[in-house]
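To start, the structure under review is shown below, and the notes come after it.
The values are calculated or read from the model by the stated rules, or taken from the named source; none is laboratory data. This is a predicted model, so every value here is computed, not measured. Please note: Cβ atoms are built from the backbone with ideal geometry, for glycine as well, and neighbour counts cover all protein chains shown.
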Amino acid sequence: MCTLLDTLQGKHAKRYQHFRDLLENNHGALNIMAEMEEAYYGGRALTLYGIKAKYQELSSAIDGIIHAMQGLSGKGFSLLSGVRDSINRSVLEEFRSELTFPSTDSVIPFERIDRNLVRMVGAKAGNLALLETLSNFRFLGASLSLPMGISGSSRKQP
């Protein structure tokens, strides 16, 4: 007679749940990595905020995998947990590193934005500032006319 796994009780039910948790967390971790790889190789914009969020999801899935493995085996995985903790510390330190900005202004006119300020104002504002700079030049006998503009910075206010 075959017993359905969903109707198991006691020790077997717990082990089966740990097995399902292992598979679910592994599937989640693989999906997160695939999404990041697709974004990177697909040329989609990646922001530090988005990367942080995906890393937190991945870290949570890895914690779930380790917990499920401990539940399945009845043993601790201190070496694996230690490696995970070491990686987390290194990654979180990278996320904590603050950008230093060459300006303390919150609003910057396009004419002052150069490549050194692009990280501060963002790519879109940097490109618009470049177009404004190029508008002073003639291309194939025509000149570009762009309105003056400003950008807000991404610098944290004290």
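Exactly one residue out of THR7, THR47 is modelled with pLDDT under 95 and either touching a strand residue (DSSP E or B) at 6+ places or on another chain (Cβ under 8 Å) or within 25 Å of ARG119 (Cβ to Cβ) (or both), and it is THR47.
Helices (runs of 4 or more DSSP H) fully within the range 60-158 that include at least 2 residues being modelled with pLDDT of 80 or more: 78-96. Set side by side, the residues ALA29, ALA53, ALA13, ALA39 differ, and just one is assigned to a helix (DSSP H, G or I) and at pLDDT 95 or above, which is ALA29. Residues in the range 7-66 that are of a type in the set (S, T, N, Q) and within 23 Å of VAL91 (Cα to Cα): ASN25, ASN26, ASN31, THR47, GLN56, SER59, SER60. It is to be established whether one or more residues within the range 109-116 are farther than 20 Å from LEU22 by Cβ and in contact with a strand residue (DSSP E or B) (Cβ under 6 Å, 6 or more places away or on another chain). Yes, the range 109-116 contains a residue that is farther than 20 Å from LEU22 by Cβ and in contact with a strand residue (DSSP E or B) (Cβ under 6 Å, 6 or more places away or on another chain).
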